[in-house]
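The values are calculated or read from the model by the stated rules, or taken from the named source; none is laboratory data. It should be emphasised that the depicted structure is a prediction, and the values quoted were computed from it without experimental measurement. All Cβ positions, even for glycine, are placed from backbone atoms using ideal geometry, and neighbour counts span all protein chains on display.
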Amino acid sequence: MDALAALRLQIAWGADEALEEAPLDRLAAGARPRPAQATAAATAARPALPAPRPAAAPAIRAAGPPAHATPAHATPAHATPAHATPVHATPVHAAALRAQAAADAAHTLAELRAALAAFDGCPLAATATNLVFADGNPEAGLMLVGEGPGAEEDRAGRPFVGPSGQFLDRMLASIGLDRTQLLITNLIPWRPPGNRNPTDTEVLTCLPFLLRHIALVRPRRLVLLGALATRALTGGVTGITRMRGRWVEVTIPGLAAPVPALPMLHPAYLLRSPGAKRLAWADLVALRRTLDADVK
């Protein structure tokens, strides 16, 4: 029973996937080197490769806050603090270049999904149960971008179907929207083990597919759910609590004009921090007013 209780505790903590074929006693003498040590040794033995050229990053400029919103004090792209490194400023690696080539070759959503399913440059695909591509209506003109799938999304192969997704559905219903009126996707299409945060390398690898997804859908408006999606698409380092509620324009490769985007707090954060729901409600009202103005 003690072993069963320990297993349940590990599952509650999110350690629900085995990374080794057999248990490994890392305290025993002569234990196998840890992955970081093995990677370092392998890297030292490998010949140096020339550094790839940096890829173009999405650009951002303010689109102006709604009349009722308090202006956010976002850090301009040219004034990024020296200690902060935006995701898009990280040197591009070989897997990201392969992802860029695979994404560019897709001319339809079906081809893009097939390219993602066949892509082996991201290790998350090996540990995930399903590829989580998108859900909703690609023709709606409104696209929501989340961060990454959780356990329920991984099992279902659809984004935002767990508790945070159900809460998002209720949020959208409060302003008269449902999934037939929008398209939902994620920055990361595979669940990170244990729901950990994706690394910058994983974000850089998956970002070309998201950018191509947006270019193929050609949405009139974007909603960026959470700090990770906002940072990846805007390239900024300003916190989500200061970015939220302010429309910004994001330049997407393949689109002639920038796409207005509204950063919002992630539904999972709102479930953990109920006091922030008033901010989310203000953002939802701003979204509804903007959508209504678009059709006038």
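The table below gives the values:
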{"item": "Residues of the range 266-296 classified as in a loop (DSSP other than H, G, I, E, B) and surrounded by fewer than 21 Cβ atoms within 10 Å (Cβ to Cβ), total", "result": "3"}
{"item": "Matching residues in the range 178-211 - criterion: being of a type outside the set (S, T, N, Q), without any contact (Cβ under 8 Å) to a residue 40 or more places away in the chain and closer than 18 Å to Leu224 by Cβ", "result": "none"}
{"item": "Residue that is nearest to the chain's Cα centre (by Cα) [pool: residues in the range 129-162 that are of a type in the set (A, V, I, L, M) and closer than 15 Å to Pro193 by Cβ]", "result": "Val132"}
{"item": "Residue within the range 224-237 that is in contact with a Ser or Thr (Cβ under 8 Å, 6 or more places away or on another chain), modelled with pLDDT under 95 and among the hydroxyl-bearing types (Ser, Thr, Tyr) present", "result": "no"}
{"item": "Residue within the range 158-175 that is over 25 Å from Leu131 (Cα atoms), touching a Pro at 6+ places or on another chain (Cβ under 8 Å) and touching a residue at least 60 places away in the same chain (Cβ under 8 Å) present", "result": "yes"}
{"item": "Extreme residue, farthest from Thr127 (Cα to Cα), among residues of the range 180-205 that are under 16 Å from the mean Cα position of the chain (by Cα), assigned to a loop (DSSP other than H, G, I, E, B) and not β-branched (Val, Ile, Thr)", "result": "Leu187"}
{"item": "Which numbered condition Thr241 fails, given (1) farther than 21 Å from Pro253 by Cα; (2) part of a loop (DSSP other than H, G, I, E, B)", "result": "(2)"}
{"item": "Counted residues, the range 212-250 - those being of a type in the set (Lys, Arg) and buried (at least 19 other Cβ atoms within 10 Å of the Cβ)", "result": "5"}
{"item": "Top-ranked residue in the range 91-106 [being touching a residue at least 60 places away in the same chain (Cβ under 8 Å) and outside any helix (DSSP H, G or I); ranked as nearest to Ile184 (Cα to Cα)]", "result": "Ala106"}
{"item": "First in the range 249-274 and under 24 Å from Ser174 (Cβ atoms), second anywhere and in a loop (DSSP other than H, G, I, E, B) and of a type outside the set (A, V, I, L, M), Cβ under 6 Å, 6 or more apart", "result": "Pro260/Trp247; Leu262/Trp247; Pro263/Arg244; Met264/Arg244; Leu265/Arg244; His266/Gly226"}
{"item": "Residue, surrounded by the fewest Cβ atoms within 10 Å (Cβ to Cβ), within the range 164-179, restricted to residues that are in a loop (DSSP other than H, G, I, E, B) and of a type in the set (A, V, I, L, M)", "result": "Ile175"}
{"item": "Residue list for the range 88-126, filter: within 16 Å of Val203 (Cα to Cα) and among the β-branched types (Val, Ile, Thr)", "result": "Thr90, Val92"}
{"item": "Selected residue [surrounded by fewer than 15 Cβ atoms within 10 Å (Cβ to Cβ) and at pLDDT 95 or above] from Glu139, Glu147", "result": "Glu139"}
